[in-house]
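Presented below is the structure to which this report refers.
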Amino acid sequence: MATITTTGIGRQTVTPNLARLSVTNTLEHPHQAKAFSLVASATSELAEVLKESSIPSQSIATTGVRVEAVTRWINDREERMGYRGVATTSITVEDISIVAALCESIAVRVPESTISGPNWTISSDHPVHSQARRAAALDAQARAEDFASGLQLEILGVLEASDAPLSSPSQQQPHMDMMFSRASGGVQGGLAMESGELEVLAQLTVRFETRPATN
């Protein structure tokens with residue numbers, strides 16, 4: 001029995017519907033308890049900003065607070081200079097139209113924050129994934145028909161098929177160094193963010209049963 005095996009590729013482009021941010025609060029103080037208190041307060045203020053921006057709790061993950069000693073070598077001796085408190089919060093934003101405003105709010109309300117992102121991505125339930133898979137199946141079928149025509153074969157049906165997920169890399173905005181002005185109470189220059197489009201890929205390998213074509 002003659003068979004033909006082809007691999008179809010489906011490609012679809014779409015505007016991302018999710019953005020991921022990482023916010024790290026870092027504060028130092030000579031006393032350990034105060035360093036803990038300062039970073040905990042900054043993290044609480046961040047939580048309030050996210051609440052006011054209607055970010056649901058299930059879209060927020062905080063690593064907790066870490067307090068570590070800050071040391072420096074002086075005259076060949078390691079001297080303790082104080083303590084550093086660090087807390088990182090990961091945020092998934094489902095309404096990408098508010099990302100720029102959210103980053104500005106964080107910069108103003110929590111100036112100790114370092115904001116990384118946004119990392120634009122697509123939710124797993126987005127219909128574009130189904131569209132890409134269907135396109136891959138049609139591409140595999142079209143390739144098989146081309147080969148069959150050249151080999152004077154007739155396709156009878158599908159013997160087996162397997163998909164191999166292809167990663168569609170998300171797009172990440174360069175790290176933002178935002179200038180915070182305490183005097184003006186705002187972010188100098190503002191933020192302009194465009195998500196662009198992402199390409200979603202699907203791959204399907206299909207083995208077709210064939211027979212000699214009849215005239």
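Just THR24, THR205, THR92 to compare: in a GNM of the chain, with alpha carbon springs under 10 Å, which one fluctuates most?
Greatest mean-square fluctuation among the candidates belongs to THR205.
Tally Lys and Arg at +1 and Asp and Glu at -1 over the other residues with C-beta under 12 Å from the C-beta of VAL86: what net charge comes out?
Working: positive: ARG66, ARG84; negative: GLU28, GLU68, GLU112.
Value of the local net charge: -1.
Could you derive backbone 3J(HN,Hα) for the range 16-28 from the dihedral phi with the Karplus parameters 6.51, -1.76 and 1.60 (θ = phi - 60°), listing whole Hz in sequence and x where the residue is Gly or Pro?
Result, rounded to whole Hz: x, 10, 9, 9, 10, 10, 10, 10, 10, 9, 10, 9, 10.
For VAL206, what charge total do you get from the other residues with a beta carbon under 12 Å from its beta carbon, if Lys and Arg give +1 and Asp and Glu give -1? Walk me through the intermediate numbers first.
Values: positive: ARG143, ARG207; negative: ASP139, GLU145, GLU160, ASP163, GLU209.
With Lys, Arg at +1 and Asp, Glu at -1, the net is -3.
Through the Karplus equation 6.51 cos²θ - 1.76 cosθ + 1.60, θ set to phi - 60°, convert the phi angles of the range 55-67 into ³J(HN,Hα) values in whole Hz; use x for Gly and Pro.
Here the 3J(HN,Hα) series is 7, x, 4, 6, 9, 10, 9, 10, 6, x, 9, 10, 10 Hz.
What does the charge dipole of the chain about its Cα centre add up to, to the nearest 20 debye, if the Cβ of each Lys and Arg holds +1 and the Cβ of each Asp and Glu holds -1? Write out the running numbers ahead of the final one.
Details: 16 positive and 24 negative charges, 88 e Å.
That gives a dipole near 420 debye.
Expressed in nm to one decimal, what extension gain is obtained for the pair THR63 and ASP76 from 0.36 nm per residue of sequence separation less their Cα-Cα distance? Don't skip to the answer; put the middle values down first.
Values: separation 13, 0.36 × 13 = 4.68 nm, distance 3.50 nm.
Value of the extension gain: 1.2 nm.
Please compute the alpha carbon radius of gyration of the chain, then divide it by the globular-protein estimate 2.2 N^0.38 Å. Two decimals is fine.
So the Cα radius of gyration is 1.58 times the expected 2.2 N^0.38 Å.
So what is the calculated 222 nm ellipticity per residue for the chain, using -39500 (n - 2.57) for each DSSP H run with n of 4 or more, over all residues, to the nearest 500 deg cm²/dmol? Walk me through the numbers before you get to the answer.
Values: 3 runs with 55 residues, N = 215.
About -8500 deg cm²/dmol.
List every residue whose amide H lies under 5 Å from the amide H of LEU18, counting only residues 5 or more places away in sequence or on a different chain, with H placed 1.01 Å from N in the peptide plane.
Correct list: THR121, SER123.
Please sort through the DSSP H helices of the chain and keep those with an alpha-carbon extent of at least 18 Å along the long axis and a Kyte-Doolittle average not below -1.0.
Details: long enough: 32-52 (30 Å, 0.32); 128-150 (33 Å, -0.48).
Both cut-offs are met by 32-52, 128-150.
Could you derive backbone 3J(HN,Hα) for the range 117-123 from the dihedral phi with the Karplus parameters 6.51, -1.76 and 1.60 (θ = phi - 60°), listing whole Hz in sequence and x where the residue is Gly or Pro?
So the Karplus estimates, Gly and Pro as x, are x, x, 9, 7, 8, 10, 5 Hz.
Would you work out if the range 25-126 is rounded, prolate or oblate? Take a ≥ b ≥ c from the square roots of the eigenvalues of the alpha-carbon gyration tensor; rounded if a/c is under 1.5, else prolate when a/b is larger than b/c, oblate otherwise.
Working: a/c = 2.80, a/b = 2.36, b/c = 1.19.
Cα axes put the range 25-126 in the prolate bin.
What residues have an amide H closer than 5 Å to that of GLY82, excluding those fewer than 5 places away on the same chain, when H is modeled at 1.01 Å from N in the peptide plane?
Sorted by chain and number, the residues that satisfy this are VAL70.
Readers should treat all values here as calculations from the given coordinates under stated rules, not as data from a laboratory. Everything quoted here is computed from the prediction, not taken from an experiment. Cβ sites come from the backbone with ideal geometry, for glycine too, and all protein chains shown count toward neighbours.
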